[in-house]
1. Just to confirm the filter: which GluC sites (Glu not before Pro) across region B:250-310 are DSSP coil and have at most 16 other Cβ within 10 angstrom of their Cβ?
2. Would you list which lysines come within 27 Å of A:Lys14, measuring only between C-alpha atoms, while excluding same-chain residues fewer than 8 positions from it?
3. Provide the buried accessible surface between chains B and A in square angstrom, both chains summed, 1.4 Å probe, rounded to the nearest 100.
4. Tally up the carbon and sulfur contribution to the accessible surface of region A:84-314 as a whole percent, 1.4 Å probe, everything protein left in place.
5. Provide the solvent-accessible area of B:Lys236, counting protein heavy atoms only and rolling a 1.4 Å probe, rounded to the nearest 10 Å².
6. Are there DSSP H segments in chain A that both extend 24 Å or more along their axis (alpha-carbon positions) and score a mean Kyte-Doolittle hydropathy of at least -1.0? List them, or say none.
7. Per 10 Å bin from zero, what fraction in whole % of the C-alpha pairs of region A:178-314 is there, up to the bin with the longest pair?
8. Using modelled backbone amide H atoms (1.01 Å from N, in-plane), which distant-in-sequence or interchain residues come within less than 5 Å of B:Arg431's amide H?
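The values are calculated or read from the model by the stated rules, or taken from the named source; none is laboratory data. No experiment lies behind these values; they were computed from the predicted model shown. Virtual Cβ from ideal backbone geometry, glycine too; neighbours counted across all protein chains shown. Accessible surface areas use protein heavy atoms only, side chains included; no ligands, DNA or RNA. Shrake-Rupley method; radii C 1.70, N 1.55, O 1.52, S 1.80 Å.
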Amino acid sequence: MAKKKSQSAYTEKKLPLKKRIYRDRYLLCMMVPVVIFFAVFCYFPMTGLIMAFNKYRIGSGIKGVYTSPFVGMQWFNQFFRSVYFFRLVRNTFLLQFWSLIIGFPIPILFAVAVTQIRRKPIQKTVQVATYLPYFISTVVVCGMINNFLSPSGGIVNQMLNRFGIESINFMNLPEWFRRIYVISGSWQSFGFNSIIFVAAIMGISPDLYEAMRVDGANRRQIIWHLVLPSIRPTIILLLIMTLGSMMSVGFEKVYLLYNTAVYETADVIQTYVYRQGIGTSPPNYSFATAVGLFNSVINFAIVFVANRISRKVTDTAIW
Amino acid sequence: MKKRIVAMLLASSMVVASLAGCGGGAAPAPAQTPAADTQTETPAQENKTEKVDADIEQAEATAEESGYVYEGTAPITQEAGKTIKILAETSNYTNVDIKNAEIVKKVVADSGVAVDWDLVDYNNYQDSVTPRLSTGQANADIVLLPDQDTNQTYIKSGLFQPLNQYFGSMPNFTKWLQDNPVMKAELTAEDGNIYYVPGTNVGKDYQPCLMYNVVWLEKAGMSAPKTLDEFVELLKYFKENDMNDNGDKNDEIPMSIMKDFLPYMFGPAFGLDLVSGFQADANGNVTYAYADSENYRKYLEFLNGLYKDGLLEQEFTSLDRDKVIERISNDLTGVAYDFSWAMSMMYSNVLPYYDGTADKAFVGAAPLSGEHEGFYVGRVELGNMFAISQGASDPELCAKFLDYAMSDACQELYQWGIEGESYQINADGTREFTEKGKDNDWLQQFGINPSFVFPAQQSVASTDVLVADWHAKSNAELRQYVVDPWPFIYATDAESDTINTYMTDIQTKVDESSAAFITGTRPLTEFDAYIGELDSLNLPAVTDIRKQQYERYLKALNG
């Protein structure tokens, strides 16, 4: 087999480029739309990052993106010098960090648990019931959170009152914001996020289960020594992908849940940029671009480092 | 009850019909204003109206090829087949097709030109049109601006044409400018030209005000409080007594005030215009109300006291209008603060015992006074702005169209509709809406007050007829308390840069600190530190700019 491979590689090299293109012309044609898609929607827009270094003139169109006056690092400096810079970075990071710590393992555990259910109808029902919240829009979820946690009439406070505990104004206390954000986020997405793990577990060969059972392994041992190791590459892949958005908190949910009383823990980079860059009149697209670029660079660095660590520690990596 | 609330919400639009844009949403944030060009700062380039005055004086109407001269009345042209493309917004009522509303169709038909409407959803207008204008392509002859362009951004981008050159074709507009020197000064850009034809809001009528449940007041044996002390006494009475006679003394919520209205309600009693943020005294000294080390501190102390006593509810930062309406409909609250139109159209109407009279309603009252005499803050009169784009195929015709659209004849149409259809003239010469006209749905679909597509002017007279009699009377009484807000002032580029750089952080600090001081999560002993923090956020630089702008405004106004 190895011999065959090296032989074909040799012939490949021998063929001139033109002939190779002609030979693979249909395959190349199939690739054209994909290349065009990425060129138009991903790579070309990236040239717009130059806006982060100029002062975009409203009304100057696409041309203005490239021809507006160069201001160097002005927008970055403005952002870095803001008294709120560290608070924003901290809040953004911590919201995602806790979402990861709490939200990442739950779908894995749930997937393992749900695949252990032997009765298929029950398994399917549980799965559907848990991934349905994912399809509720953020606005509705935030409305539900506000209603449930209201100090006057909210179900949570009513329960607390029954136990003799005074109402807590959850939505106005900075110390509660992260917990509410993380727990509600995990509740909403754990069912849906578990689908990919369920699929990975389903992909494990039944022979392996049988072999372990023949060897006398109990359910715990099967999970620990077969299921989890089998889905490890999937876990790592998703973990690295998730790390790639460590600094990208979902704007809508924070925006819908926060208020001035909880800025201390709730104000994140995206909401600040909205107020400073987009919400102003006229909008400061250059500032928004600069902060977006800053975010992307940090995200890329985290992914890069995580990938390197993963490669060294587990021998699994995205690239 | 739900149905009733929905019905009342719809009914409220009758007033909004006449005062559209009067602030249906939350209260405006304290003035975070202007901006535009560095070169403007020499006295010769200051925002004066000499050029406009001279251009108006020299303006002459020109005749069409056919010899027809437009003199301010329909039609604007006798040439057939002319079309104007207008970029504007849809009605804020989803069941209204504004371009096919009778009033709008009549204005267009009378003008003698066809209109190709490009209407963008009312709720997304700013979000959709701002990026579109940023591209430099308006793709329309006439454009409704997504904002008031206080930074002169669009003016300087060259997207729109100065109107001075068309003054000869704009007799209604030039007359209006001469009759309204304040707005003329406000509209004059730093290059001495005027670029926009505005719609107008009423500045002193039907403004946000304090409203009391009159039935509760009577039960308490009190009249509407005039001072803060009297007010606190009233709130305590409401809290401690079974005002709604349901046998439960604990379900009364003394007052239901949305967070954004607290500055409107209590700021004046402490001598503060927290609505505008920046304020000028009689000597022209400009200060930032939220940095007033004496009065703002007292304001916060007062609100903190209310919060501690349970008179200002825990949920005040998240209270919204729907909740207020729900409480009123269940007779749970005695005091509200909102835009005036809510008084009879949204709050009183949902009261279980409202009988159409002021005796069983939520009725407006004088502002509260403290160490300072109370007042209400009015609105800037300039409303929606319409401009002629640089790429307009026939800008002169567009100028004529805008001019005709703001003529008195059209304003009558906007405010009253069509005689015999939406209104009738009584024997004594007064007008009143017909039975059909009193049906809000019908009136909206008829196209009343089409400020979304034309430079319409709000009318007190037609609003008086629309609201309950007692409401109109209340408005007339409250007008005396309304003071002018911080004026509309164009800013220079340098000013804009500075303000945009610093003001968001200042606003963030103010917002979070006020909530923290009121709820007590930050002790008032740290108030001096707060003032220091504002200074470190470059508040003095912003205040200096506001001062320069205000001086410029006064110069432009007084010559």
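1. B:Glu294
2. Counting by Cα, and skipping residues close in sequence, A:Lys14 has these lysines nearby: A:Lys3, A:Lys4, A:Lys5.
3. Chain pair B/A: roughly 2500 Å² of buried accessible area.
4. Accessible surface attributable to carbon and sulfur in region A:84-314 totals 68 percent.
5. 90
6. Passing helices, by number: A:85-103, A:174-202, A:285-314.
7. Percent of Cα pairs in each bin: 10, 26, 28, 19, 11, 5, 1, 0.
8. For B:Arg431, whose amide H was placed from the backbone, the distant partners under 5 Å are B:Asn426.
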